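The values are calculated or read from the model by the stated rules, or taken from the named source; none is laboratory data. Remember, predicted model here, so these are calculated numbers, not experimental data. Cβ placement follows ideal geometry from the backbone for every residue including glycine, while neighbour counts extend to all protein chains displayed.
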Amino acid sequence: MQPIPIQAVPVLLSSFVASVHAGFPSPAADHSQKRVDLNEHLIRNKEATFLFRVRGDSMTGIGIYEGDTLLVDRSIDPRHNAIVLAVLNNEFAIKRLYRRGGVVKLIAENPIYPPIQIKQGEELSIWGVVTFNLHKLY
Amino acid sequence: MSVQSKPTQQLALIDCNNFYVSCERLFRPDLAGKPVVVLSNNDGCVVSRSNEAKEIGIKMGQPWFQAKALAEEHNILALSSNYALYADLSNRVMNLLAEFSPRHEAYSIDECFVDLTGMAELRSISYAMRERVMRWTGIPVCVGIGPTKTLAKLANFIAKKHPRSKGVFNYNALTDTQKIKLLSRIPVDEVWGVGRKLAPRLAEYGIQNVHELREAHTPTLRSEFGVVVEKIQRELQEVACVAMEEVTPPRKQIIASRSFGNPVHNVISLKAAVALFVETACAKLRAQQSQAAMLQVFLHTNRFRSELPQYHPVMAVPLIAPTDSSLIINRWAGLLIDQLWRPEYAYKKAGVMLSEITPNTQRQNDLFVESEPAEESKLMAVLDRVNQRFGRGAVRISSQDAGEEWGMRQERKSPAYTTSWVELPSAVA
């Protein structure tokens, strides 16, 4: 027999109080809903998600600029073509991951930076997969 | 009458390896494979060591100034404790482990009990826990499974010590002969609750390894060492005596204490520091909706500077009516310091302890004392809210900010990578 886990997440019940004029109920009362919570939509796994700040301009081609804030999820499988936070030579690097036919490369999204081919004996690890970029516009 | 035997409990203890160092390494890939230690408050003692630092011979709890020569020789990196980072990563580890069983208990910042009783495939669940904690949070852990908490802890010790276990060890999977063989090889001071103090006394009774403790004559054990050691023995005999505590019971004592970055001489600075400790302790007291009836204040000169005059006074005062008010308790703490303080000493540490703690609901008013005005408890509630919102110490009792002479020394602290918007780690694109 398997014990069934009890969800520790509280169930939110919203109470709605509106004053009623002349016997007509507020037309909005039936449509009251919780406001959109960005955390719910941007973070798919909150225990595994970390924030990083961008330095450098090698990913400007897909809109990642210096000073942007990236959401990095460690629980996602780093597939071919994913934007990843890699650890190369003990440093954090943001690149596109190329994984095809035994070839592993880190590709920049800016023509002035050539792809980095991972040679035999070189150690590359993927710290996490980038899921969102927060870019300030004002 | 039929006796139904309960099924063997499958308690897993998940313990993070070198937790503080592992937290630091998550954001410093360059520290992998290098000797690293983390120091306690004020960079006083070593509180976490990487395996490399252990091999060099740095001891747990060793004062940093004693380890410094060895550290310089071997290029050991020492970091100040970064509690904001450790607490955040600990919460992540605990939350994700909670998904493996409805019965779990965060036992300390880096240890968690998870009850896997009744589940199939314990081995694969254990490896899955290990793998998921590593994958999601980057923290390496070991898993020990046993029929009692004490044996789960011992199993975890084996999982850590023996590379062949690959980080997972299940005591319940052993035969009786294997158990005897294993327990005979483990020194008794590795048992939870025994430690270095009790071990020499047990040795006088011929108890040196865990097997000998398990088989020792129980009445003698009880009369010589008390009920606590008897409990430990019963746990080793696979009778669960330490229950799972899913909710931390309210504290019976609250201590707030710290070493000073620089020795403190004058009484005003001392009072300022103690006022902050009072505030910290009282905030905890109010958070658990209780009140204290006893206050103790203690002072210490530097124990490691034996050439200096030593003075370690302590004084307790019962509070006339139990209270949770920082103001009232601080007034008493101030009076105690006036009693204890001697101008000729340099103080290295001070602290307060609140005890005789009872729930707020059991308040009994004193016949001769005016009951605490409602205004004051409202003030305390506001104080807690403001400090929660704007950071600890945003509003404080006036004596708390007199002189920062004693401030905490943290020369080597890493950024609050996960809890501060302006200290996020950076990555090169």
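Here's the yes/no breakdown for (1) surrounded by 18 or more Cβ atoms within 10 Å (Cβ to Cβ); (2) within 11 Å of another protein chain (Cβ to nearest Cβ); (3) not β-branched (Val, Ile, Thr):
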{"site": "B:Leu77", "(1), (2), (3)": "yes, no, yes"}
{"site": "B:Ala84", "(1), (2), (3)": "no, no, yes"}
{"site": "B:Leu96", "(1), (2), (3)": "yes, yes, yes"}
{"site": "B:Pro102", "(1), (2), (3)": "no, yes, yes"}
{"site": "B:Leu116", "(1), (2), (3)": "yes, yes, yes"}
{"site": "B:Thr137", "(1), (2), (3)": "yes, yes, no"}
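Considered as a group, the residues in segment A:71-92 that are facing chain B (nearest Cβ under 7 Å) and outside any loop (DSSP other than H, G, I, E, B) include one that is nearest to A:Asn133 (Cα to Cα), and that residue is A:Leu85.
With the condition kept exactly as written, say whether any residue in segment B:212-219 is part of a loop (DSSP other than H, G, I, E, B) and not aromatic (Phe, Trp, Tyr).
Let us first name the residues in segment B:212-219 that are part of a loop (DSSP other than H, G, I, E, B), namely B:216-217.
Then keep just the ones that are not aromatic (Phe, Trp, Tyr); that gives B:216-217.
Yes, the conditions are met somewhere in segment B:212-219.
Could you pull out the residue among B:Phe157, B:Phe169 that is within 19 Å of B:His104 (Cα to Cα), within 27 Å of the chain's Cα centre (by Cα) and more than 14 Å from chain A (Cβ to nearest Cβ)? Step through it out loud before you land on a result.
Numbers: B:Phe157 fails: within 19 Å of B:His104 (Cα to Cα).
Of the residues listed, the single one that is within 19 Å of B:His104 (Cα to Cα), within 27 Å of the chain's Cα centre (by Cα) and more than 14 Å from chain A (Cβ to nearest Cβ) is B:Phe169.
If only residues of segment A:123-138 that are within 14 Å of chain B (Cβ to nearest Cβ) and outside any strand (DSSP E or B) are counted, the one that is modelled with the lowest pLDDT is A:Glu123.
Among the residues of segment A:29-45, just one is modelled with pLDDT under 70 and part of a loop (DSSP other than H, G, I, E, B), namely A:Ser32. Considered as a group, the residues in segment B:225-241 that are farther than 16 Å from B:Gly195 by Cβ and modelled with pLDDT under 90 include one that is surrounded by the fewest Cβ atoms within 10 Å (Cβ to Cβ), and that residue is B:Val227. Whether a residue is more than 10 Å from every other protein chain (Cβ to nearest Cβ), over 20 Å from B:Arg28 (Cα atoms) and aromatic (Phe, Trp, Tyr) was assessed, and A:Tyr113 does not pass this test.
Residues in segment B:90-143 that are assigned to a loop (DSSP other than H, G, I, E, B), in contact (Cβ under 8 Å) with a residue 40 or more places away in the chain and more than 13 Å from B:Ala12 (Cα to Cα): 5 in all. Give segment B:411-429 a look and list any residue that's among the hydrophobic types (A, V, I, L, M, F, W, C) and either without any contact (Cβ under 8 Å) to a residue 60 or more places away in the chain or within 8 Å of chain A (Cβ to nearest Cβ) (or both), or say none. Correct list: B:Trp421, B:Val422, B:Leu424, B:Ala427, B:Val428, B:Ala429. Taking the criterion of being under 23 Å from B:Leu96 (Cα atoms), in contact with a strand residue (DSSP E or B) (Cβ under 7 Å, 6 or more places away or on another chain) and within 11 Å of another protein chain (Cβ to nearest Cβ), the residues of segment A:34-70 that qualify are A:Asn45, A:Ala48, A:Thr49, A:Phe50, A:Leu51, A:Phe52, A:Leu70.
Quick grid of which residues meet (1) aliphatic (A, V, I, L, M); (2) at pLDDT below 90; (3) closer than 30 Å to B:Ser306 by Cβ:
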| residue | (1), (2), (3) |
| --- | --- |
| B:Thr323 | no, yes, no |
| B:Glu344 | no, yes, yes |
| B:Val352 | yes, no, yes |
| B:Glu356 | no, yes, no |
| B:Ser371 | no, yes, no |
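When B:Arg123, B:Arg196 are checked against the criterion of being under 22 Å from B:Thr8 (Cα atoms), more than 13 Å from chain A (Cβ to nearest Cβ) and at pLDDT below 95, B:Arg123 stands alone in meeting it.
Return yes or no: is A:Lys95 within 14 Å of chain B (Cβ to nearest Cβ), touching a Ser or Thr at 6+ places or on another chain (Cβ under 8 Å) and not aliphatic (A, V, I, L, M)? Answer is yes for this residue.
Right, B:Asn18: surrounded by 20 or more Cβ atoms within 10 Å (Cβ to Cβ) and not aliphatic (A, V, I, L, M) or not? Spell out the reasoning first.
Details: surrounded by 20 or more Cβ atoms within 10 Å (Cβ to Cβ): yes; not aliphatic (A, V, I, L, M): yes.
For B:Asn18, the condition - surrounded by 20 or more Cβ atoms within 10 Å (Cβ to Cβ) and not aliphatic (A, V, I, L, M) - is met.
Look through segment B:164-204, keep the residues that are touching a His at 6+ places or on another chain (Cβ under 9 Å) and not in a helix (DSSP H, G or I), and return whichever of them is nearest to B:Arg234 (Cα to Cα). Taking the candidates together, the pick is B:Ile186.
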